[in-house]
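Below is one structure; the comments refer to it alone.
Here, each number is a calculation from the coordinates, and none is a lab measurement. Note that the structure is a prediction, hence the values are computed from the model and not measured. Cβ coordinates were reconstructed from backbone atoms using ideal geometry, including for glycine residues, and neighbour counts include every protein chain displayed.
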Amino acid sequence: MSIYQATASAPVNIAVIKYWGKRDTKLILPTNSSLSVTLDQDHLRSTTTSRADPSFERDQLWLNGKEDEIKPGGRLATCIAEMKRLRKETVEDKNPEEPKISDYKVHIASYNNFPTAAGLASSASGFAALVASLAYLYALPSSPSVLSAIARQGSGSACRSLFGGFVAWDMGSQPNGADSLARQVAPQSHWPEMHALICVVSDAKKGTSSTSGMQRTVETSALLQHRITHVVPERMESISNAILQKDFDTFARITMKDSNQFHAVALDTEPPIFYMNDVSRAIIALVVEYNRLSLEKGQGCKAAYTYDAGPNAVIYALKENVKEIMQLVVSYFPQKPEEFKDVLGLFGEGSLDLNAQAKVPVGFNEAVAQRFEIGAVKGLIHTRVGDGPRKLSDDEGLLAANGLPK
Ligand code: DP6
């Protein structure tokens, strides 16, 4: 008897032009286009195994080993139903020889290799891996753009994780969402020197979720309307050109401006929403002062901060500058040595005591921020631009022979 199963992994993406606001909450159609950098799944990824079997009684999903309810009409149910429909329409109806596995129930096991407690958005990589694994299971001929329209209905930002490199999500104009798709602006290989330093900032309290926060912004913020109409269209074009020309200075300026404006529309929401905290703001001050030095030398910006719906900072920088930036961050935010993994070999063999590396560049005004205690930034993840979803071998599958998580 055949086993119908496939495993895929998918990357995290961090937007430089932020998606914030829906014009259709069910189809997840945005009020503006957005653009992101896909991060390397060698470091951060979701892995998902899907299996279809006539013996399964209902669709079931386990996230990190724990069953997650698939609510009827909810986002998970929608994505699974849409993938079954694609299988039926593009494979089974066209070729009657193909097994009708779209009728079978599915078991899905998903695993994130980064802790949810790190406060990193897992919904983007999670829904992208779900859609990619079902696309392999169902042997769909569909393009990543077509799949992005389904991942989008799981979580808006997930549509951008169907591609590697630099990815735009065009908002589209059709009411049914047919043209609200992700598209690759440039592949990973175009600008592999693009690196990212994620500063994981402690956050005890549970903030406002993206979904409810952006809905409130749509309902109450006048500033959002200005952003949608007069700011984002021009920025999408300028940052796409900056990426194509590998113009880091322009890329950095737009990235920081757009992060600032996203947090400004959050503040303009009623009641106001604050995602950044004192640590986030201190990291902004460090990046601004660091850039001031390089601007003074006529070198343009060398670092760009961006913040999503939480206090974590992501600093984009070219590979050649990451070490200096890391040393600067550690000077203000000492690290627990055992927490640091030098995955990209920045400091070479054996020098894992990151705090011993702390130093600020010559001429840096040290008064721009206070020095914090160990734990204020509870981890640093150094990664880089990466590729899109990968098909993994059966050995890497997350479901045991009995169809339950291993
Ligand atoms: C600030 O994609 O998590 O990260 O579509 O409601 O699931 P839903 O929201 P989500 O929002 C992401 C918002 C953001 C900006 C971005 O990734 O573009």
### Query
Amide H to amide H under 5 Å from residue 185: which residues, 5+ apart in sequence or cross-chain, H placed 1.01 Å off N in plane?
166, 167, 168
### Query
Karplus couplings for the stretch 16-32 from phi (6.51 cos²θ - 1.76 cosθ + 1.60, θ = phi - 60°), rounded to Hz, Gly and Pro as x?
9, 10, 7, 7, 7, x, 10, 9, 9, 7, 7, 7, 6, 10, x, 8, 8
### Task
Answer rounded, prolate or oblate for the stretch 237-299, using the Cα gyration tensor with square roots of eigenvalues a ≥ b ≥ c: rounded when a/c is under 1.5, else prolate when a/b is larger than b/c, else oblate.
oblate
### Summary
Measuring from the longest principal axis of the C-alpha atoms of the chain, the long axis of helix 278-296 (C-alpha) lies at a number of degrees, nearest 10, equal to 60 degrees
### Query
Once you list every other residue whose beta carbon is under 14 Å from the beta carbon of residue 299, what net charge do they have if Lys and Arg are +1 and Asp and Glu are -1?
-1
### Query
Label points 7 Å out from Cα along the Cβ direction at residue 81 and residue 356: separation in nm?
5.9 nm
#### Entry: the stretch 194-384 - Rg (one decimal) and Dmax (whole number), Cα, Å
17.4, 53
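Using only the Cα atoms of the stretch 1-158, construct the convex hull and provide its projected area averaged over every direction, in square nanometres to one decimal.
9.9 nm²
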### Message
Apply the Karplus curve 6.51 cos²θ - 1.76 cosθ + 1.60, θ = phi - 60°, to the phi angles in the stretch 352-364 and return the couplings in whole Hz, x for Gly and Pro.
### Response
8, 7, 4, 4, 5, 8, 4, 6, 9, x, 4, x, 5
### Query
Stretch residue 250-residue 342 to full length: gain in nm at 0.36 nm per residue minus the Cα-Cα span?
30.2 nm
### Summary
To the nearest 10 degrees, the tilt of helix 75-87 (Cα long axis) against the first principal axis of the alpha carbons of the chain is 50 degrees
### Query
Where does the Debye-calculated log10 I(q)/I(0) of the chain sit at q = 0.15 Å⁻¹, using only Cα point scatterers of equal weight, no solvent?
-1.40
### Shape parameters for the stretch 119-247, alpha-carbon atoms, Rg then Dmax in Å
16.5, 46
### Query
Between the stretch 328-389 and the stretch 1-75, how many Å separate their Cα centres?
31 Å
### Query
Rounded to the nearest 0.05, what FRET efficiency is calculated for residue 260 and residue 189 with R0 set to 41 Å and r the Cβ-Cβ distance?
0.85
### Task
For residue 106, enumerate residues with amide H under 5 Å from its amide H, sequence gap 5+ or separate chain, H modeled in the peptide plane.
59, 60
### Query
What net charge do the residues around residue 258 carry, taking every other residue with its C-beta under 12 Å from that of residue 258, with Lys and Arg at +1 and Asp and Glu at -1?
+3
### Query
Once the dipole of the stretch 259-321 is set up with Lys and Arg at +1 and Asp and Glu at -1 on Cβ about the Cα centre, which of 299, 312, 259 lies farthest towards its positive end?
299
#### Entry: ³J(HN,Hα), Karplus 6.51/-1.76/1.60, whole Hz, each residue of the stretch 179-186, x for Gly, Pro
10, 9, 10, 8, 8, 7, 7, 7
### Message
What Kirkwood Rh does the stretch 118-177 have if only Cα atoms enter the pairwise 1/r average? Answer in Å.
### Response
11.9 Å
### Task
Using per-residue counts of other Cβ atoms within 10 Å, averaged over each peptide, order 89-95, 142-148, 324-330, 33-39 from highest down.
33-39, 324-330, 142-148, 89-95
### Query
For the stretch 293-371, what is the largest minus smallest coordinate of the Cα atoms on each principal axis, given in angstrom and ordered from greatest to least?
36, 32, 26
### Message
As I understand it, the value is the acute angle between the Cα axis of helix 210-220 and the longest principal axis of the Cα atoms of the chain; what does it come to in degrees, rounded to 10?
### Response
70 degrees
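In what sequence, highest mean first, do 237-245, 47-55 appear when ranked by Cβ atoms within 10 angstrom?
In descending order of packing, they fall as 47-55, 237-245.
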### the chain: relative contact order in percent, alpha carbon pairs under 8 Å with at least 6 residues between
23 percent
### Query
At what distance in nm do the modelled label points of residue 231 and residue 57 sit from each other, each positioned 7 Å from its Cα along Cα→Cβ?
5.2 nm
### Message
Taking every DSSP beta bridge with both residues inside the chain, roughly what % is antiparallel (nearest 5)?
### Response
95 percent
### Task
Counting helices only, and only those DSSP H runs with n ≥ 4, report the 222 nm mean residue ellipticity of the chain as the sum of -39,500 (n - 2.57) divided by its residues, in deg cm²/dmol to the nearest 500.
-9000 deg cm²/dmol
### Query
When only Cα pairs under 8 Å and 6 or more residues apart are kept, what is the percent relative contact order across the stretch 194-384?
34 percent
### Summary
Surrounding charge for residue 224, neighbours by C-beta under 12 angstrom, Lys/Arg +1, Asp/Glu -1, total +2
### Message
Treating only the Cβ of Lys, Arg, Asp and Glu as charged (+1, +1, -1, -1), what charge dipole size does the chain show about its Cα centre? Round to the nearest 20 debye.
### Response
500 debye
#### Entry: Placed amide H near residue 13: partners under 5 Å, 5+ positions off or other chain
39, 125
### Query
If you wrap a convex hull around the Cα atoms of the stretch 1-64, how much volume per residue is inside, in Å³?
148 Å³
### Task
Take each of the peptides 283-293, 372-382, 155-165, 302-312, average the number of other beta-carbon atoms within 10 Å over its residues, and list them starting from the highest.
155-165, 302-312, 283-293, 372-382
